[in-house]
2 protein chains.
Amino acid sequence: MSVLQEISPSVRNMWQLEYGVLARQASQIKEQLRQGVRKPYQEVIDVSWGDPHRGGLKPLSFVRQVLAACLYPELVNSDKLPVDVRQRAQRLLGGCVGGSVGSYTTTAGISEIVQRVSEFITRRDGGAPSYPENIYISPGSQWSLTNIFTVLVNSEGSPRAGVLTPVPSHCTTTLSMVGLGAVIVPYYLSEEQGWELKVEELHRALESVKGVCKPVALYVINPGNPSGHVQSRKSMQEVIRFASKKRLFLLADEVYQDCVYGEKSEFFSYKRVLSEMGPPLSDTVELASFHSASKGFMGECGLRGGYVELVNLDPAVMKYIYNLFSIDSCAPVLGQIALDLMTNPPQPGDPSYPLYNMETQHIRAALIRNVKRAHEVFNSLLGFSCQPVEGGAFAFPSLHLPPKVIQKAKEVGMQPDTFYCMRLLEEAGVLASPGCEYGQKEGTYHIRFCIMAAEETMEEVLRRLTSFHTQFMEDSS
Amino acid sequence: MSVLQEISPSVRNMWQLEYGVLARQASQIKEQLRQGVRKPYQEVIDVSWGDPHRGGLKPLSFVRQVLAACLYPELVNSDKLPVDVRQRAQRLLGGCVGGSVGSYTTTAGISEIVQRVSEFITRRDGGAPSYPENIYISPGSQWSLTNIFTVLVNSEGSPRAGVLTPVPSHCTTTLSMVGLGAVIVPYYLSEEQGWELKVEELHRALESVKGVCKPVALYVINPGNPSGHVQSRKSMQEVIRFASKKRLFLLADEVYQDCVYGEKSEFFSYKRVLSEMGPPLSDTVELASFHSASKGFMGECGLRGGYVELVNLDPAVMKYIYNLFSIDSCAPVLGQIALDLMTNPPQPGDPSYPLYNMETQHIRAALIRNVKRAHEVFNSLLGFSCQPVEGGAFAFPSLHLPPKVIQKAKEVGMQPDTFYCMRLLEEAGVLASPGCEYGQKEGTYHIRFCIMAAEETMEEVLRRLTSFHTQFMEDSS
């Protein structure tokens with residue numbers, strides 16, 4: 001047998017993430033540390049993923065209590081848990097078939113939860129209506145994105161479908177588009193302007209692929225990953241007008257909507273801005289907006305719960321989307337429940353509110369401080385410069401590498417920023433990820449650091465980085 | 001915008017499941033019952049899915065206790081839980097990054113769990129070695145299947161890739177192949193011989209598509225869904241020889257491996273049989289074997305945990321498989337933990353063993369009794385005939401419908417067995433699924449009933465069915 005020759009070109013086009021090499025090296029180092037090998041550090045700190053608990057942030061008690069009670073309903077009768085926890089668990093179990101989180105749910109998710117998510121969206125968007133039948137819960141938002149791409153990207157079409165995609169961008173999303181046979185049409189965010197999205201650049205990108213592919217969609221990430229930029233309402237209006245004029249389906253990755261740190265920044269959803277622009281735009285622009293329980297203050301990445309809301313889609317298209325979602329039965333029930341808790345947290349007066357409020361305020365304060373400290377330190381290091389981090393989970397400083405380093409990286413067959421990350425890992429025990437993973441202007445280099453971490457973790461990362469980098473630059477100049 | 005015209009032919013080819021119409025009607029009936037509308041029944045019993053908790057089977061206490069303790073580690077310190085539960089939770093949390101089930105895991109799953117799953121496979125298969133690097137955990141086994149298909153089916157190839165697929169078969173798997181652009185090459189299971197798989201039929205199927213497509217894979221389900229057949233070792237050897245000779249990748253859906261009821265039936269995995277056949281077959285036949293925490297005695301469908309083991313794959317192909325799995329980060333951590341518990345249940349001497357043993361024995365006894373009773377009742381009804389159910393979650397009796405019924409169904413635009421299911425639902429409050437959903441020989445009709453249910457549920461289903469069917473046949477003759 002020789003399956004290899006049969007593999008479709010699109011799947012072949014998917015590249016290996018740089019992260020793989022770094023992660024394998026990190027595993028080896030951890031193993032060495034376990035075996036007592038002496039290093040200048042006692043443990044590897046991993047800030048390469050947007051994974052709050054990995055960085056030492058704690059889960060929210062209310063969330064974990066409700067989930068535990070849903071799994072093991074005897075806890076519902078235990079007076080060790082607050083009464084609102086027990087009530088919520090009981091209510092949620094009432095929505096599970098057979099009263100068990102072990103049953104399948106309908107394709108889009110438990111209907112009570114879908115309903116409550118849609119009510120949350122309406123509240124968030126200042127009353128712009130949201131309809132439960134337009135919402136699909138999935139095992140993480142990336143999964144929804146892939147399903148929507150599958151409908152948008154006709155892998156058998158000629159010319160191929162193109163998707164306008166930011167540079168830098170969330171790398172697995174880009175990979176999933178490539179695997180489906182889409183042509184990535186890069187548009188560059190404006191680093192010098194804090195990674196702003198410029199509509200002129202969208203025009204340029206679209207022009208550049210005339211005759212090469214048929215652009216069908218525009219993908220935006222707001223707040224940005226890895227950029228940390230938060231879009232203004234005005235910029236979003238321009239993007240919407242552009243999408244409308246160019247007949248592009250708008251994909252809005254909004255999973256970091258709760259993570260806004262800039263004093264002058266505010267998150268608006270594309271759904272809201274579109275709705276406020278009124279007809280004909282608000283009735284015609286096709287939009288998919290994604291959110292997730294993995295990010296924000298819950299940070300429950302491991303539960304795998306996300307959703308997509310679809311706006312202005314042709315009912316005939318919705319039918320195909322339903323078909324695609326139905327193949328995998330349903331999203332994990334506990335991920336679905338996490339979305340219920342995220343969109344309907346305890347309110348003042350509820351027994352769980354004081355603790356919930358304390359925990360979320362603590363996390364918020366830590367993140368704001370992390371962002372400030374990271375910005376300070378990066379901009380104090382020779383060869384580093386960092387735009388303000390207004391939102392999201394990452395700082396994405398630019399790294400000005402000496403020619404000697406670039407040469408050395410080439411010699412060992414690595415991208416210069418991967419080379420830097422490898423040295424940082426080996427010498428300082430910090431696992432960060434290289435800018436080449438996310439896309440960057442040719443000749444520029446970046447490093448992505450997750451700032452969703454406990455304050456002491458962040459401080460230790462910055463301390464190790466400072467000491468490593470100073471030595472590294474000295475050795476390389 | 002008009003995305004509709006762009007939708008790829010493969011996605012368009014995915015048909016709507018008949019189940020949708022029935023499920024919507026069931027929802028309406030439930031709503032009517034809630035509003036006090038009088039019906040000949042007080043609730044709808046849903047035996048349309050292979051979903052044990054839906055049918056009233058209870059989750060296993062050990063499983064739920066460990067999961068709850070992993071979610072809310074304060075329980076680990078509570079003396080309300082058995083000591084082995086707390087130890088297991090502690091051990092599992094040690095494998096989670098940051099000690100939290102809320103962190104992402106590596107792509108293939110938590111390495112300790114993958115290791116333990118591979119040890120389970122080796123034990124199960126009489127020592128045939130299993131290697132952790134060949135195992136991927138995913139959100140349910142269907143998800144793994146889709147990824148493997150994505151690699152096998154070159155949607156851009158000409159002629160198209162074909163997959164030999166049983167009739168009847170698990171319908172969402174068939175749909176997922178269609179969505180990826182595969183040609184379904186049906187091979188018919190032999191109903192008269194208890195739904196046996198005949199290798200002559202595989203030859204016939206393959207011959208029939210000469211020049212039409214390029215067959216690349218053979219999909220088998222053992223124990224059968226919906227057939228209830230359990231393959232003999234001899235039959236599996238024939239299938240393996242056929243796959244080898246015809247250079248087909250073997251996909252073995254083995255999620256019902258713990259559910260064998262026939263006194264003379266025994267489950268063997270394809271991996272084991274292949275391994276025991278020795279070289280050159282054991283070194284060359286490419287095999288993917290799927291298992292899941294959704295089925296068996298745990299029945300934890302809602303947690304979404306499954307795995308695939310890959311055998312004899314080219315390392316270059318494994319690289320693409322890794323890429324595909326990496327897109328969605330990882331499987332739900334609680335689904336991963338469920339797999340750990342399924343493959344490593346409490347042992348004699350463990351504090352949790354007596355209760356675990358009692359609960360599983362109770363479920364096993366209930367299923368064996370359900371199968372026996374279903375078989376008796378189906379074969380006692382005029383117009384029904386049912387092959388022995390040796391394994392799996394379903395009885396799939398044949399239904400001999402009077403011409404009058406077939407005519408009436410045509411008039412309302414329904415498949416005859418969907419028409420029967422609709423009447424059964426409306427008049428008797430039983431939601432079962434029609435054979436046309438799974439494929440059947442032209443002119444034959446079947447109904448699929450899930451037998452993974454509490455005994456009292458099963459009895460009530462059979463009671464309602466008997467009464468409905470007798471009247472239905474009287475009215476239709």
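Quick note: the coordinates plus some simple rules give every number you see, no bench work behind them. These figures come from a predicted structure and were not determined experimentally. When we count neighbours, we look across all protein chains shown, and the Cβ atoms used for this are built from the backbone with ideal geometry, even at glycine.
Brief remarks follow.
- Antiparallel beta bridges, as assigned by DSSP with both residues in segment B:104-343, represent about 35 percent of the total such bridges.
- Fraction of beta bridges assigned by DSSP in the protein assembly as shown that are antiparallel (%, nearest 5): 50
- Peptide A:92-98 has a mean shielding of 4, counted as Cβ atoms of other protein chains within 10 Å of each residue's Cβ.
- Whether segment B:319-409 is rounded, prolate or oblate, judged on the alpha carbon gyration tensor where a/c under 1.5 counts as rounded: oblate
- Rg followed by Dmax, in Å, when segment B:104-343 is reduced to its Cα trace: 16.8, 49
- For chain B, the relative contact order comes to 21 percent (Cα pairs under 8 Å, sequence separation of at least 6).
- Working note: Cα gyration tensor of segment B:327-477, eigenvalues times five, square-rooted, sorted largest first, giving semi-axes of 37, 20, 12 Å.
- Inter-chain Cβ neighbour count for B:71-79, averaged per residue, equals 5 (cutoff 10 Å, partner chain atoms only).
- Dipole in debye (nearest 20) - chain A, about Cα centre, beta carbon charges: Lys, Arg +1; Asp, Glu -1: 280
- Taking every alpha-carbon pair under 8 Å whose residues sit at least 6 apart, segment B:104-343 reaches a relative contact order of 26 percent.
- Segments A:338-349, A:195-206 sorted - mean Cβ within 10 Å per residue, highest first: A:338-349, A:195-206
- Among A:135-146, A:456-467, the peptide with the highest mean count of other Cβ atoms within 10 Å heads the list, and the full ranking is A:135-146, A:456-467.
- With the label put 7 angstrom out from Cα along the Cα-to-Cβ vector, B:Tyr131 ends up 5.3 nm from the copy partners, going from closest to farthest.
- The stretch between A:Thr106 and A:Lys245, if pulled fully straight at 0.36 nm per residue, gains 46.4 nm over its current Cα-Cα span.
- Using a 7 Å projection from Cα along Cα-to-Cβ, the label point at A:His203 is separated from the same position in the remaining copies by 6.9 nm, smallest value first.
- Helical runs assigned H by DSSP (4 residues or longer) give the protein assembly as shown a calculated mean residue ellipticity at 222 nm of -13500 deg cm²/dmol, each run adding -39500 (n - 2.57) before division by the residue total.
- For A:Ala316, label point 7 Å along C-beta direction: distances to other copies, nm: 4.2
- With the charge dipole of the protein assembly as shown set up from +1 on Lys and Arg Cβ and -1 on Asp and Glu Cβ about the Cα centre, the Cα lying farthest toward the positive end among the listed residues A:Leu17, A:Tyr261, B:Ser10 is that of B:Ser10.
- Net charge of the neighbourhood of B:Gly99, taken over other residues with C-beta under 11 Å away and scored Lys/Arg +1, Asp/Glu -1, is +2.
- Within chain B, DSSP assigns beta bridges of which about 50% are antiparallel (rounded to the nearest 5).
- Calculated diffusion of segment B:1-85, Stokes-Einstein form, Kirkwood radius summed over Cα pairs, 4 °C and 1.567 mPa s, µm²/s: 72
- Total charge dipole magnitude, segment B:104-343, about the Cα centre, Cβ charges on Lys, Arg, Asp, Glu only, Debye to nearest 20: 460
- A Förster distance of 45 Å, applied to the separation of the beta-carbon atoms of A:Lys58 and B:Lys264, puts the FRET efficiency at 0.25.
- Cβ-Cβ FRET estimate between B:Gln90 and A:Arg233, R0 fixed at 56 Å, reported to 0.05: 0.70
- Grouping the Cα pair distances of chain A into 10 Å bins from zero gives a pair-distance distribution of 4, 19, 28, 27, 17, 5, 0 percent in increasing distance order.
- Relative to the Cα centre, the charge distribution of the protein assembly as shown, modelled as +1 at Lys and Arg Cβ and -1 at Asp and Glu Cβ, gives a dipole magnitude of about 460 debye.
- Distance (nanometres) between label positions extended 7 Å along Cα→Cβ at B:Leu33 and A:Leu33: 5.6
- Going from the residue with the fewest nearby Cβ atoms within 10 Å to the one with the most, B:Thr284, B:Thr122, A:Thr173 rank B:Thr284, B:Thr122, A:Thr173.
- For the segment A:332-343, counting C-beta atoms of other chains within 10 Å of every residue's C-beta and taking the mean gives 3.
- Here the simple spin-label model places points 7 Å from the Cα toward Cβ, and for B:Gln361 and B:Glu442 these points are separated by 5.3 nm.
- Per residue convex hull volume, Cα atoms of segment B:45-140, in Å³: 152
- Radius of gyration and Dmax over the Cα atoms of segment B:188-292, both given in Å: 13.6, 44
- Distances between every pair of Cα atoms in the protein assembly as shown, grouped in 10 Å steps from 0 to the bin holding the largest one, split as 2, 11, 21, 25, 21, 13, 5, 1, 0, 0 percent.
- Relative packing of B:50-60, A:365-375, which averages over residues the other C-beta atoms within 10 Å, highest first: B:50-60, A:365-375
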